[in-house]
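Below: the structure, in structure tokens.
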Amino acid sequence: MKVLIVGSGGREHAIATSVAKSAKVEKIYCAPGNAGIGQIAECVAIGAMEFDKLVAFAKEKAIDFVIVGMDDPLVGGLVDCMEEAGIRTFGPRKNAAVLEGSKAFSKDLMLKYKIPTAAYKNFDNAEEARTYLKEEANFPIVLKADGLALGKGVLICNTLDEALAGVDEIMCDKKFGDAGNRMVVEEFMTGREVSVLSFVDGKTIRIMTSAQDHKRAQDGDQGLNTGGMGTFSPSPFYTEEVDEFCKKYIYQATVDAMAAEGRPFKGVIFFGLMLTSNGPRVLEYNARFGDPEAQVVLPRMKNDIIEVMEACVDGTLDQIDLQFEDNAAVCVVLASDGYPVAYEKGFVIEGLDKFDAAEGYYCFHAGTKQSDKGIVTNGGRVLGVTAKGSNLKEARANAYAATEWVSFDNKYMRNDIGKAIDEA
């Protein structure tokens with residue numbers, strides 16, 4: 001098969017690494033890709049939102065299978081465009097990707113189908129939101145931009161003043177662009193956060209191994225929200241009891257709800273869960289692999305990823321026995337100092353070759369590009385250093401040791417990824 005992957009980050013590098021292992025695949029293209037992906041695939045200078053060019057390229061190269069990694073093209077309807085052109089594509093259609101594309105839609109869906117989540121209210125009008133916050137809200141409270149905001153459109157407000165400033169930020173100043181045209185005001189939940197990825201074929205769901213992300217920029221969960229500074233898998237907090245509850249009340253219920261709404265979901269549903277004292281609750285849905293969750297989940301998957309993805313497209317996922325290694329993985333993101341606000345690019349990265357022969361170690365590229373000086377930094381999150389281990393503590397030690405193999409100017413990372421393991 002000839003496969004085209006759409007995207008340019010660490011998630012797409014992790015997907016490409018798994019696709020390259022498939023016996024079914026002879027050629028991989030990636031649009032637009034990055035320097036790391038370019039070592040296992042042919043990168044094509046087409047943006048993820050250039051749908052006409054992507055379809056034309058897929059036709060020209062007689063692509064057999066397209067994998068859409070990123071949220072923007074999924075929510076924008078790239079899968080629909082590819083399918084109209086007769087090209088088999090992995091990912092939800094536009095009317096199903098709304099599960100991630102609109103937080104208001106997903107909250108309304110959960111309410112309608114009694115899927116456990118936080119209490120909430122949706123607002124289209126800033127003044128109405130302010131009135132609600134002044135007269136009815138309990139603090140702390142959570143404000144969420146309705147649309148896609150690179151994982152950053154969520155504000156936790158401890159006081160009324162903070163919340164009113166948050167309304168201005170999201171709905172008036174449009175800090176997150178059109179994502180803030182609507183806003184969800186949500187009850188603040190406490191507990192452990194766990195990420196659970198799943199494959200879905202419209203009716204059947206297969207759960208992947210659990211993971212746990214670290215969103216804040218600095219140690220001790222301080223600083224601004226980011227796209228993710230590191231992750232570990234499996235989560236020791238995702239117990240058999242939690243798994244049973246989620247299978248009964250959340251996972252299949254979500255797939256069935258989407259089908260009942262005439263929006264059958266095929267692809268990956270990412271369940272962001274909060275393990276509260278009253279049981280698991282859905283924090284959010286994503287309509288694709290998490291980043292950096294994919295970087296710890298996919299290296300542990302035993303199955304041929306293409307076989308699983310084809311089963312999702314064909315509606316035969318019930319025939320797949322999804323299996324994961326009995327081990328652990330930790331990913332530490334190496335970022336540019338100053339991320340997620342302001343940072344410099346273009347610094348040469350040294351030491352990448354040390355991963356070539358290191359079994360159980362991976363260096364997934366997120367913000368890199370090839371230059372005449374070699375591979376250089378080209379983003380806020382630059383690399384995701386992943387290592388396996390027989391357990392989480394060993395994987396964590398291995399990952400942090402491997403971060404020392406790589407160097408570039410203004411390299412920055414959190415030093416406490418997976419620290420919660422010690423509390424488990």
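Distance check, please: which entries in K174/K369; K152/K345; K144/K174 exceed 24 angstrom between their Cα atoms?
Cα-Cα > 24 Å for K174/K369; rest within.
Where only protein heavy atoms count, and the probe is 1.4 Å, what is the accessible area per residue for region 180-290 in Å²?
Dividing the accessible area of region 180-290 by its residue count gives 37 Å².
When the accessible area of region 1-149 is computed with all protein chains present and a 1.4 Å probe, what percentage of it is carbon and sulfur?
47
Can you send over the solvent-accessible area of L383, 1.4 Å probe, protein chains only, in Å² to the nearest 10?
The accessible area comes out at roughly 0 Å².
Tabulate in residue order the Karplus-calculated ³J(HN,Hα) for region 114-131, using 6.51 cos²θ - 1.76 cosθ + 1.60 with θ = phi - 60°, rounded to whole Hz; enter x for Gly and Pro.
Coupling constants for region 114-131: 6, 8, x, 7, 6, 4, 7, 8, 9, 9, 9, 10, 5, 5, 5, 5, 4, 4 Hz.
Tell me which of Y285, G202, A126 sits at the most positive position along the dipole axis of the chain, charges placed on C-beta atoms (Lys, Arg +1; Asp, Glu -1).
The residue sitting most towards the positive pole is G202.
Please turn the phi angles of region 278-287 into ³J(HN,Hα) values with the Karplus equation 6.51 cos²θ - 1.76 cosθ + 1.60 (θ = phi - 60°), one per residue in order, whole Hz, x for glycine and proline.
Each residue's phi maps through the Karplus curve to give 9, x, x, 10, 7, 7, 6, 10, 10, 9 Hz.
Taking every pair of alpha-carbon atoms in region 1-71, what share in percent sits in each 10 Å bin, from 0 to the bin with the longest distance?
23, 60, 17
Take the alpha carbon atoms of region 30-45, find their center, do the same for region 276-304, and report the distance between the two centers in whole angstrom.
25
For region 25-135, with every protein chain kept in place, what is the accessible area per residue (1.4 Å probe, Å²)?
43
Beyond a 29 Å Cα-Cα separation, which of these cross-linked pairs lie in this structure: K388/K411; K175/K388; K21/K61; K373/K393; K59/K175?
The pairs that break the limit, which is 29 Å between Cα atoms, are K175/K388; K373/K393; K59/K175.
Using a 1.4 Å probe over the heavy atoms of the protein chains, calculate the carbon and sulfur portion of the accessible area of region 330-424 as a whole percent.
So the carbon and sulfur contribution to the accessible surface is 44 percent.
Could you sort 342-350, 357-365 so that the peptide with the highest average Cβ count within 10 Å comes first and the rest follow in order?
Ranked by mean Cβ neighbours within 10 Å, highest first: 357-365, 342-350.
Going by average Cβ density within 10 Å per residue, which order do the peptides 161-167, 235-241 take, highest to lowest?
Result, highest mean Cβ count within 10 Å first: 161-167, 235-241.
Quick one: net charge of P32's neighbours, Cβ under 11 Å, K/R +1, D/E -1?
Counting the neighbours of P32, the net charge comes to 0.
Provide the packing ranking of 314-325, 185-196, 404-415, i.e. peptides ordered by the mean count of other C-beta atoms within 10 Å per residue, highest first.
Descending mean neighbour count gives 185-196, 404-415, 314-325.
The values are calculated or read from the model by the stated rules, or taken from the named source; none is laboratory data. Keep in mind it's a predicted model, so treat the numbers as computed, not measured. FYI the Cβ positions are ideal-geometry reconstructions off the backbone, even for glycines, and counts take in every protein chain you see. All accessible areas refer to the heavy atoms of the entire protein, side chains included, with ligands and DNA or RNA removed. Shrake-Rupley method; radii C 1.70, N 1.55, O 1.52, S 1.80 Å.
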